[in-house]
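Engineer: Below is one structure. I have some questions about it.
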Amino acid sequence: MGKLSVYMAMKRDLAFEFERELRAVRNLILGVTRLSGSEYTIEMVGNEGFVAGSRARAAFIEAFHAATHEALVKYAHDLAHECLEHGMDQETVSSALGGHAPFQNMRPMREPQPQQHVQPPHQHVPMPDAGNSVRLAFSA
């Protein structure tokens, strides 16, 4: 295997891992659904059982989300900047943060909206679902 092919394979692996991590962080920002320890798991969205419906669980979930949200958003920003520094395509980074599938050649399910303006270098990435909207900003 030549040096160029080894380099290209490493670059492809790097892009894949960074994109996967960006998508994972985006999903965590939208909501952590379970916490797993070495032996037990806490289901944060389940309503089954006595503990799941307790006031203590509700208070814990609210405090947990408040405490982790800022750290997750900062991590997403830092990771996006690092992706761009490694030469990843800005569309790929935006797609990962916006939750859009990376398939470019598929037919859209509805007609695309005409763009009103060109986005500035400092982008705000809109999320597809308004009920779970999170805005992540990064710049090239």
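The values are calculated or read from the model by the stated rules, or taken from the named source; none is laboratory data. Worth saying up front: this structure is predicted, and the values here are computed from it rather than measured. Heads up, the Cβs are rebuilt from the backbone with ideal geometry, glycines too, and the neighbour counts pull from every protein chain shown. Heavy atoms of the whole protein, side chains included, go into the accessibility calculation; ligands, DNA and RNA do not. Shrake-Rupley method; radii C 1.70, N 1.55, O 1.52, S 1.80 Å.
Engineer: Enter the accessible area of Ser36 (Å², nearest 10), with the probe set to 1.4 Å and all protein chains included.
Structural biologist: Roll a 1.4 Å probe over it and Ser36 shows about 90 Å².
Engineer: To the nearest 20 debye, what charge dipole does the range 27-93 have about its Cα centre, counting +1 at the Cβ of each Lys and Arg and -1 at the Cβ of each Asp and Glu? Kindly include the intermediate steps, with their values, before the conclusion.
Structural biologist: Numbers: 4 positive and 10 negative charges, 94 e Å.
Charge dipole, the range 27-93, about its Cα centre: 460 debye, nearest 20.
Engineer: Under a 1.4 angstrom probe, counting protein chains only, how are Ile42, Ile61 ranked by accessible area, largest first? Write out the running numbers ahead of the final one.
Structural biologist: Working: Ile42 65, Ile61 35 Å².
Ranking Ile42, Ile61 by accessible area, largest first, yields Ile42, Ile61.
Engineer: Multiply the residue separation of His77 and Glu39 by 0.36 nm, subtract the distance between their alpha-carbon atoms, and state the gained length in nm to one decimal.
Structural biologist: Working: separation 38, 0.36 × 38 = 13.68 nm, distance 3.22 nm.
Once the chain is fully extended between His77 and Glu39, it gains 10.5 nm.
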